[in-house]
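The values are calculated or read from the model by the stated rules, or taken from the named source; none is laboratory data. This structure is a prediction, so every number in the text was calculated from the model and none was measured. Here Cβ is always computed from backbone atoms with ideal geometry, including for glycine, and neighbour counts include all displayed protein chains.
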Amino acid sequence: MLRSFISTLCLMLFLGLSCPLQAQAVEGEQRFADLGVCRLESGAAIENCRIGYRTFGSLNANRSNAILFPSWYNGTSQDLTQFFGPDRMVDTAHYFGVAIDALGDGVSSSPSNSLTQKGTKFPAITIRDTVNAEYRLATEILKVKHVYAVMGISMGGMQTFEWAVDYPDFMDRAVPIVGTPQQTSYDLLNWDVLGKAIEADPAYNNGNYEAEPPLKLANELSTMMLPTPSFWAREISRADFPHWLEQMQQNTTLDANNRLWQLQAMMSLDVTHGRGDLAQAAGRTKAKFFIVVSDYDHLVNPAPALQWANLLHAGTYVSHNDCGHRMLLAECDGESLTAVVRQFLAEK
């Protein structure tokens, strides 16, 4: 119906009026940016490179109110829609929110959906590669030369730190939530165990599978590491354990290679780019930071993010409950964190 309407409008050309090239996007609908070739840090390249995204609200007259919000590990822009709205974390009455699908999430270019680099032929990616592609989305497709803020959760928070270091003049504010600028040895151990659990599944077949492997052990590990032991002990009773275990072992709809490629990208994260000096990296940034961590995060250790906050005298929100990496749940810090982030973004 909409396309028919547009075609009808094109007949207005005969009246000397212009025809719209495309319909205005519906707020929150899935869109794609075709970037051609994405050159990677390794020297390899992603062919037919695409970045998925969704937009919320409107750009102001000088195109300066955009907030970029990249996705977390195993997440997509669809998962981020909950954070956009007049009463949500990103107030769309004032800001133009852009939820971005990170490379490897199955929406943007990934091992699972590449036409010419399918599966194990897909090149290894880094967080920096993903940020570079997102920068192209912002500047080449959205035609934005400067954004108000970049923010993200977990792997999205990692991208936020990378954004601030790589493009220091591109944003006014940065809000990494349960992210890190640099993996600790404990983080690397977490990711290494999870990666080996994926690779050890017989059905994974070195990434050359036809049916999606069940990855039961990887699913258990992922579930176990998100909050704290006390959280799960309280939330799931002994009697409910068999059913809970069956649920988490269900064959996931997430592609195994996508999971592994993004996981390896996180393991490569180091915003010092091999120099090892967080103070030097932080000193190159210009954005005003507000850093959110959990004292009891068993997935992403909060120490490097807190060190970063100390180096820049940045504002912080530190969760002290046992929700750990899941601190954004409504029953945890969801409501209070939404309020403080909105306040930080609104500050003059």
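Considering Phe289, Phe344, which residue is part of a helix (DSSP H, G or I) and surrounded by 17 or more Cβ atoms within 10 Å (Cβ to Cβ)?
The conditions single out Phe344.
So which residues in the stretch 79-114 are in contact with a Lys or Arg (Cβ under 7 Å, 6 or more places away or on another chain), of a type in the set (A, V, I, L, M) and in a loop (DSSP other than H, G, I, E, B)?
The one that is in contact with a Lys or Arg (Cβ under 7 Å, 6 or more places away or on another chain), of a type in the set (A, V, I, L, M) and in a loop (DSSP other than H, G, I, E, B): Met89.
For the stretch 185-232, enumerate the residues that are within 30 Å of Met327 (Cβ to Cβ) and among the polar types (S, T, N, Q).
Ser185, Asn190, Asn219, Ser222, Thr223, Thr228, Ser230
Looking only at the stretch 181-213, how many residues end up being in contact with a strand residue (DSSP E or B) (Cβ under 9 Å, 6 or more places away or on another chain) and either part of a loop (DSSP other than H, G, I, E, B) or at pLDDT below 95 (or both)?
2
So how many residues does the stretch 96-106 have that are surrounded by fewer than 24 Cβ atoms within 10 Å (Cβ to Cβ) and in contact with a strand residue (DSSP E or B) (Cβ under 7 Å, 6 or more places away or on another chain)?
Qualifying residue count, the stretch 96-106: 1.
Among the residues of the stretch 299-324, write down those that are touching a His at 6+ places or on another chain (Cβ under 7 Å) and either among the hydroxyl-bearing types (Ser, Thr, Tyr) or under 21 Å from Glu235 (Cα atoms) (or both).
Leu299, Gly324
What pairs come out if I take residues in the stretch 323-348 that are of a type outside the set (A, V, I, L, M) and pair them with residues that are surrounded by 11 or more Cβ atoms within 10 Å (Cβ to Cβ) and in a helix (DSSP H, G or I) whose C-beta lies under 7 Å away, six or more apart or interchain?
Filtered contacts from the stretch 323-348: Cys323/Phe231; Gly324/Phe231; Cys332/Arg326.
Would you check which residues across the stretch 258-279 are within 15 Å of the chain's Cα centre (by Cα) and more than 16 Å from Leu40 (Cβ to Cβ) and list them?
Asn258, Arg259, Leu263
Being aliphatic (A, V, I, L, M), part of a helix (DSSP H, G or I) and assigned by TED's automatic domain parsing to the domain that holds Ser109 is the requirement here; does Leu311 meet it?
Judged against the criteria, Leu311 is a match.
Select, from Ala233, Ala239, Ala203, the only residue that is touching a Pro at 6+ places or on another chain (Cβ under 6 Å), over 25 Å from Ile100 (Cα atoms) and either surrounded by 14 or more Cβ atoms within 10 Å (Cβ to Cβ) or outside the structural domain of Leu35 (by TED's automatic domain parsing) (or both).
Ala203
Looking at Ala314, Ala339, Ala330 in this structure, which one is under 19 Å from Arg173 (Cα atoms) and surrounded by fewer than 17 Cβ atoms within 10 Å (Cβ to Cβ)?
From the options Ala314, Ala339, Ala330, the qualifying one is Ala339.
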